[in-house]
Amino acid sequence: MLTKEAFNALLKTLEEPPDHAFFCLATTEIHKIPETILSRCQVFLFQRFTLEQLVDRLKFICAEEGFTAEDEALGLIARKAEGGMRDAVSLLEQIAAETDNNITAAATQESLGISSSETLENLYAAINEQDAAAGMAIIKTVAQNGQDFRTFGHDFLGFLREKMFVSLNDASLGQILRTIEEFEKALSRLKTSPIIELPFEIAIINLTTGNLTKQSPEPKIQKVTPTASNPAPPAPTPKPDPKPEPAPIEVSEPEPTPQPIVEKAIENGPIKPSNPPTSGPSNLTPEAITAQMSTIIEKSGIPIFAKKSFLTTIPEVSGNRIIFNTDSEFHREKLNDSGTHAKLLGACKELFGNPELTIDFVKKTGISREKANSSATVDDFLTF
């Protein structure tokens, strides 16, 4: 659990340890320890205890404590501990307290929820004999007895593992491996299954009914060989290809020579171009903008102090650009605020129907608005 920096700090102490101190480091992930630390330590790897070592130790404890224990019961406890001595001793003490120091195989199975070897053998036999009904009945019995299905699945996988080692050179090895794979999948689905026994039932069906849950292949179309009683249908007579029509001869017309544009004089004067240049859209004039100032304010939804500042401006038009002139630097700064500027621009684009429209607020001396009561002051900001 140490970081790289913490290991480097510890390394200084390990390189020059005090004479009176010994450091004992314990970990279950030795691959995460830096090589600089490992090279300065004596490494001892503790392995799991074997089944025989656990049983021998449990027998010793029973003899010292005066427990009566069947060998089969001690074997079940050792198997349940999965190589952990502390777990094995804890289970032994638990069962001894429940059975008044008389530890039997039946009591051990009931206490630990371990499936009997007979149940596991019967389930394996049902799968080998392709008897789905018998296998489903065993799963139903396990559910009715209130056994833990995760424990039952682990017990059956352990049983299959022993079968696998015995059948390494046997023809039944393939069936054993398929059964292990199906029940491993079933165990992984237990947490998300709405019905606890459903994953095991599906596994049994897959193993006993030719894996019906997989999608069946597409049916192949059989070819019918013609016989005297079943003659082949006559082949359709091919139609003669129509004669290709002659391709039309393309005659390229000479491109017209561009003529210079010349203004022709007529009685009423020279012809005017169809699109005369303008300074902006026809409806975008200072007068039209001035008339719509209140509407622009309503559409934009700007604050009250910005409304008063906006009403002090006098608009000008230059192409697609509206210039709002004001003689107050204070008003110009407030209207050029990013939020206020964006709202007023959106309102102008919508009102005048020009998506390319831009607006600017410029300070220009000598500008005054008749409506003096519309001018904004600093007091508006203080009371807003």
Handout entry: Neighbour net charge for D360 - beta-carbon separation under 12 angstrom, K R +1, D E -1
Key = +3
Practice task
Could you grab the Rg to Rh ratio for the stretch 117-208? Cα atoms only, Kirkwood for Rh.
Solution key: 0.94
Problem - Sparsely packed GluC sites (Glu not before Pro) within the stretch 1-83, loop by DSSP, other Cβ within 10 Å at most 10 - result: E29
Completion exercise
In whole Hz, the Karplus estimates of ³J(HN,Hα) for the stretch 183-194 (6.51, -1.76, 1.60; θ = phi - 60°; x where Gly or Pro) are 6, 5, 4, 4, 5, 5, 8, 4, 5, 9, 7, x
Practice task
List the residues whose amide H sits under 5 Å from the amide H of I103, counting only those 5 or more places along or on another chain, with H placed 1.01 Å from N in the peptide plane.
Solution key: T68, A69, E70
Completion exercise
Across 10 Å bins beginning at 0, the whole-percent shares of Cα-Cα pair distances in the stretch 51-112 come to 26, 65, 9
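Would you mind giving the average projected area, over all directions, of the Cα convex hull of the stretch 1-108 in nm² with one decimal?
Taking the Cα atoms of the stretch 1-108, their convex hull projects to 9.5 nm² on average.
Since every read-out is calculated from the coordinates, none of them should be taken as a lab result. Everything numeric here is computed off the predicted structure, so don't read it as measured data. Ideal geometry is used to build each Cβ from the backbone, glycine not excepted, and the neighbour counts take in all protein chains shown.
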